[in-house]
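Peer 1: Below are the structure tokens for one structure; questions will follow.
The values are calculated or read from the model by the stated rules, or taken from the named source; none is laboratory data. In this text, all values refer to a predicted model and were calculated from it rather than measured experimentally. Backbone-built Cβ (ideal geometry, glycine too); neighbour counts: all protein chains shown.
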Amino acid sequence: MCDSTKHRSISSIYYCRVNKGANENYTATGGNLAGPVSATAKVDGWDVTAVGIWPVADQVSLLGKLGVADAHISGSVTGPGGSVSVSGSKTDFTYGIGAQYDFTSSVFGRLDFDSYNVGTSSSSNRITIWTINLGYMF
């Protein structure tokens, strides 16, 4: 059972022209396991994606994303029998989909689903992240 989980993300979105854009993220997560066994895990990294935007209604758009992500993972487990730790880094393609609603010409909300490949050069797993964003266009 996790007693704490943290997720931080910094995003910037650049709209070059109508229906095209770029997205970049920095994400960090972590948590601890409660009880006689202590475990920690951390994933952090960055990604840069191209974003295709398809307007489907007056204020609603669907998004498709494709890009590159670099993820670093580390984890450890400590118990009565000793401790084990692992770490690794992987750069790979990332992709995602989403939907955007424009509240005004400057304020928008987004729901995104992103998929990342994390691990090492010899072993990796695909993880998925759902995010809800509120943004302001300058």
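Peer 1: For the condition modelled with pLDDT of 75 or more and among the β-branched types (V, I, T), what is the one hit in V68, V37, V18?
Peer 2: V68
Peer 1: Do we find that F108 is surrounded by fewer than 14 Cβ atoms within 10 Å (Cβ to Cβ) and either β-branched (V, I, T) or in a strand (DSSP E or B) (or both) in this structure?
Peer 2: no
Peer 1: Then there's this: Could you say which residue among I127, I97, I132 is part of a strand (DSSP E or B), more than 26 Å from V37 (Cα to Cα) and in contact with a Phe, Trp or Tyr (Cβ under 7 Å, 6 or more places away or on another chain)?
Peer 2: Unique residue meeting the criteria: I97.
Peer 1: Return yes when G82 is surrounded by fewer than 16 Cβ atoms within 10 Å (Cβ to Cβ), under 30 Å from V37 (Cα atoms) and not hydroxyl-bearing (S, T, Y) and no when it is not.
Peer 2: Criteria met by G82.
Peer 1: Same structure, new question: Can you name the residue in segment 121-135 that is among the hydroxyl-bearing types (S, T, Y) and without any contact (Cβ under 8 Å) to a residue 40 or more places away in the chain and is also surrounded by the fewest Cβ atoms within 10 Å (Cβ to Cβ) among such residues?
Peer 2: It comes out as S122.
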